[in-house]
Amino acid sequence: MISFLDFEKPIAELEARIAELRATADGSDLDIESEIDKLAKKSSGMLEATYAKLTPWQKTQVARHPQRPHFVDYLRLIFTDFVALGGDRLYGEDAAIIGGLATLDGRKVMVIGHEKGHDTTTRIKHNFGMAKPEGYRKAIRLMEMASKFGLPVVTLVDTAGAFPGVEAEERGQAEAIARSTEACLALGVPMVAVIVGEGGSGGAVAIAAANTVLMLEHSVYSVISPEGASSILWRTPDKAADAATAMKVTAQDLLGLKVIDGIVSEPTGGAHRDPAATARALADAVGRELDALSRRSSAELVRQREDRFLAIGSL
């Protein structure tokens with residue numbers, strides 16, 4: 001069952017009506033298939049029209065949808081031969097960031113990404129995708145391993161931000177994020193990052209300073225959450241929708257600003273309505289980028305990555 005967001009209420013009501021009619025027709029002599037088909041077409045049209053004109057705040061809600069595919073879903077759908085590599089060799093294991101060796105359509109890669117979890121148990125286990133220093137130090141270790149063995153790096157970003165707790169600060173959160181960003185920029189192998197849900201602040205950039213940065217169509221990427229920006233600017237979280245618009249958090253806005261390099265289309269109604277199709281589109285897009293980057297030397301990759309990020313914000 002699909003969970004409907006607040007702005008999808010008219011669609012939810014129509015879907016409930018369709019389900020009610022199907023239940024009524026089940027096992028009876030009533031022939032109401034034509035009416036059901038009519039309502040189904042109307043629902044499909046409403047869904048398409050709604051998602052064609054989502055506001056930045058509505059896109060933020062879609063990016064946070066509880067049924068949106070996460071890292072473990074993409075691992076299952078498009079990566080094979082995955083071998084998890086854990087621990088930072090300094091403190092411990094951080095389940096908010098998962099990484100390891102894998103195969104993507106015949107290409108051997110190092111894949112790293114945030115995992116939020118899908119239910120209470122897994123969300124607690126993965127700390128809602130908010131990594132601590134050991135998570136970023138693990139990412140550094142895996143990126144350096146990939147560079148040593150000539151493996152391209154693929155990262156899937158989905159976090160509200162790095163964990164802001166006292167223990168994370170005590171273990172050097174800012175330093176770990178900075179060094180992870182530095183490790184991305186210094187890689188001598190191709191690196192492709194995809195924002196698949198939320199790309200929140202330095203917690204996202206730490207594994208997204210890549211040669212190519214892509215975003216799923218309804219994902220968001222920003223230096224702070226809309227609620228956080230609203231609380232700072234207006235002293236209330238109630239202006240989150242205005243903040244989301246002002247910050248230009250959507251893939252479409254960021255492509256225009258050259259913060260990202262491409263947008264991966266999602267099925268109508270968002271990735272959660274067809275995870276398999278979303279995963280396939282993501283795999284195809286990443287594969288194309290890896291093939292293009294594989295023709296560059298290590299020095300060219302480092303220089304291109306540096307030039308790419310220095311050019312952001314220039315006229």
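The values are calculated or read from the model by the stated rules, or taken from the named source; none is laboratory data. Remember, predicted model here, so these are calculated numbers, not experimental data. Ideal geometry is used to build each Cβ from the backbone, glycine not excepted, and the neighbour counts take in all protein chains shown. Note: areas computed on protein heavy atoms with side chains; ligands, DNA, RNA excluded. Shrake-Rupley method; radii C 1.70, N 1.55, O 1.52, S 1.80 Å.
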Quick one: length gained pulling Arg22 to Lys258 fully straight, 0.36 nm per residue minus the C-alpha distance?
-> 80.2 nm
Counting DSSP beta bridges with both partners in the range 82-178, what percentage is antiparallel, nearest 5?
-> 70 percent
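Taking a quarter of the surface of the convex hull around the Cα atoms of the range 148-257, what do you get in nm²? Mind dumping the intermediate values first?
Values: hull surface 31.6 nm².
For the range 148-257, the mean projected area of the Cα convex hull comes to 7.9 nm².
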With the 8 Å Cα cutoff and a minimum separation of six or more residues, the chain has a relative contact order in percent of 16 percent
Just order 54-67, 80-93, 118-131 by mean Cβ neighbour count inside 10 Å, highest at the front, would you?
-> 54-67, 118-131, 80-93
Considering the dipole of the chain built from charges on the beta carbon (Lys and Arg +1, Asp and Glu -1) around the Cα centre, which of Ala186, Pro66, Ala283 is farthest to its positive end?
-> Ala186
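Return one whole number: the accessible area per residue of the chain in Å², for a 1.4 Å probe.
Numbers: 14860 Å² over 315 residues.
Heavy-atom SASA per residue in the chain reads 47 Å².
Grab the Cα-Cα distance for Phe82 and Thr103, subtract it from 0.36 nm times how many residues apart they are, and report the gain in nm with one decimal. Before the final figure, lay out the partial values.
On the way: separation 21, 0.36 × 21 = 7.56 nm, distance 0.70 nm.
Computed gain between Phe82 and Thr103 is 6.9 nm.
Rounded to the nearest 20 debye, what is the charge dipole size of the range 1-151 about its Cα centre when +1 sits on each Lys and Arg Cβ and -1 on each Asp and Glu Cβ? Before the final figure, lay out each step's value.
Values: 22 positive and 22 negative charges, 214 e Å.
For this selection, approximately 1020 debye.
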Let me know the volume per residue of the alpha-carbon convex hull for the chain, in Å³.
-> 155 Å³
Nearest 20 debye, what's the magnitude of the dipole of the chain about its Cα centre given +1 on Lys and Arg Cβ and -1 on Asp and Glu Cβ?
-> 980 debye
Put +1 on the Cβ of each Lys and Arg and -1 on the Cβ of each Asp and Glu in the chain; which of Pro226, Gly113, Phe128 then has its Cα farthest toward the positive end of the dipole?
-> Gly113
The range 161-279: antiparallel bridges as % of DSSP beta bridges, rounded to 5, reads 10 percent
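Where does the range 61-136 land on Rg(C-alpha)/(2.2 N^0.38 Å)?
Working: Rg = 12.9 Å, N = 76, 2.2 N^0.38 = 11.4 Å.
After normalising by residue count via 2.2 N^0.38 Å, the value is 1.13.
In whole percent, and with a 1.4 Å probe on the protein chains, what portion of the accessible area of the chain is carbon and sulfur? Could the numbers behind the result be given before it?
On the way: 8200 of 14860 Å².
Its accessible area is 55 percent carbon and sulfur atoms.
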Between Glu13 and Thr268, the two model label points (7 Å from Cα along the beta-carbon direction) sit apart by a distance in nm of 2.1 nm
At 7 Å along the Cα-to-beta-carbon direction for both His118 and Asp284, put a label point, then send me their distance in nm to one decimal.
-> 2.4 nm
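Under unit Cβ charges (Lys, Arg +1; Asp, Glu -1), what dipole magnitude, rounded to 20 debye, does the range 93-221 have relative to its Cα centre?
Here the size comes out at about 360 debye.
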Bin all alpha-carbon pair distances of the range 29-84 at 10 Å intervals from 0 and give each bin's fraction as a whole percent.
-> 18, 25, 26, 22, 8, 1
